[in-house]
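For reference, the structure discussed in these notes is given below.
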Amino acid sequence: MTEHRAEIRKRESLAQHRAVAAVYPILQEALNKFAEIDRVTVFRSHNGDGIPRVGCPSHTSCMQEVLTDRTTPITERWQGIPSDQLMIQCIADMTTDGSALLPVSSDDCATGILTDFCRGNGIKNVLAVPIAYQDNGFIFLNFCSATCTDLGGVSGMLFEAKSCASRVKEIIESVEAV
């Protein structure tokens, strides 16, 4: 590797590190804005090689999270989890409707890896919104609650989720422009 190329990679790496660090205060601010929010997470749905297709299944990984003491961390455990029918439906809802609501504590909620994982971590409701569509995956944001059964019914919650996602997207795009 030439000295010039090494310098470029060093600058790119530093920009990426700064971007990752800049996301945490945004997530923390959202976590602290509503008593009903117990975890804020950034996820990436991916297949390792772009848009999922038959023979190349989709997976979901937790990239970043902040949380209260009413739930447990999931970043280390939620890596490369296969996207089952429920996860694909949530992604489809985010893509077509701009958000997805998963009422985990409801008996009417569809079951799958996502609901099992949420219930095992004391989560009763999840509100998800898109952040960005990239060549290597779909980035989205989750607000999770261990106390509230309907985050969609909390005044200002959807607006805050979309605002938080928009600020994270700006950081992602600023790094892509480097």
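Tallying residues that are open to solvent by 30 Å² or more (accessible area, probe 1.4 Å), touching a Gly at 6+ places or on another chain (Cβ under 9 Å) and in a strand (DSSP E or B) within the range 80-132 yields 2.
Matching residues to (1) open to solvent by less than 40 Å² (accessible area, probe 1.4 Å); (2) of a type in the set (A, V, I, L, M, F, W, C); (3) more than 30 Å from Leu151 (Cβ to Cβ):
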residue	(1), (2), (3)
Lys10	no, no, yes
Ala15	yes, yes, yes
Ala19	yes, yes, no
Ile37	yes, yes, no
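Only one entry in Ala165, Ala161 is open to solvent by less than 60 Å² (accessible area, probe 1.4 Å), assigned to a helix (DSSP H, G or I), in contact with a Pro (Cβ under 8 Å, 6 or more places away or on another chain) and at pLDDT 95 or above, namely Ala165. Could you check, for the range 24-31, whether at least one of its residues is more than 15 Å from Cys144 (Cβ to Cβ) and either free of Cβ contacts under 8 Å to residues at least 40 places away in the same chain or hydroxyl-bearing (Ser, Thr, Tyr) (or both)? Yes, the range 24-31 contains a residue that is more than 15 Å from Cys144 (Cβ to Cβ) and either free of Cβ contacts under 8 Å to residues at least 40 places away in the same chain or hydroxyl-bearing (Ser, Thr, Tyr) (or both).
Residue pairs whose Cβ atoms lie under 6 Å apart, sitting 6 or more positions apart in sequence or on different chains, and linking a residue in the range 53-75 that is closer than 12 Å to Asn121 by Cβ to a partner that is of a type in the set (Val, Ile, Thr), are Cys62/Thr41; Cys62/Ile74; Cys62/Thr75; Glu65/Thr41; Glu65/Thr75. Scanning the range 141-156 for residues that are over 15 Å from Phe34 (Cα atoms), surrounded by fewer than 22 Cβ atoms within 10 Å (Cβ to Cβ) and modelled with pLDDT of 90 or more turns up nothing.
The values are calculated or read from the model by the stated rules, or taken from the named source; none is laboratory data. Being a predicted model, the structure only gives us computed values, none of them experimental. Here Cβ is always computed from backbone atoms with ideal geometry, including for glycine, and neighbour counts include all displayed protein chains. Side chains are part of the model used for accessible areas, which takes the heavy atoms of the whole protein and leaves out ligands, DNA and RNA. Shrake-Rupley method; radii C 1.70, N 1.55, O 1.52, S 1.80 Å.
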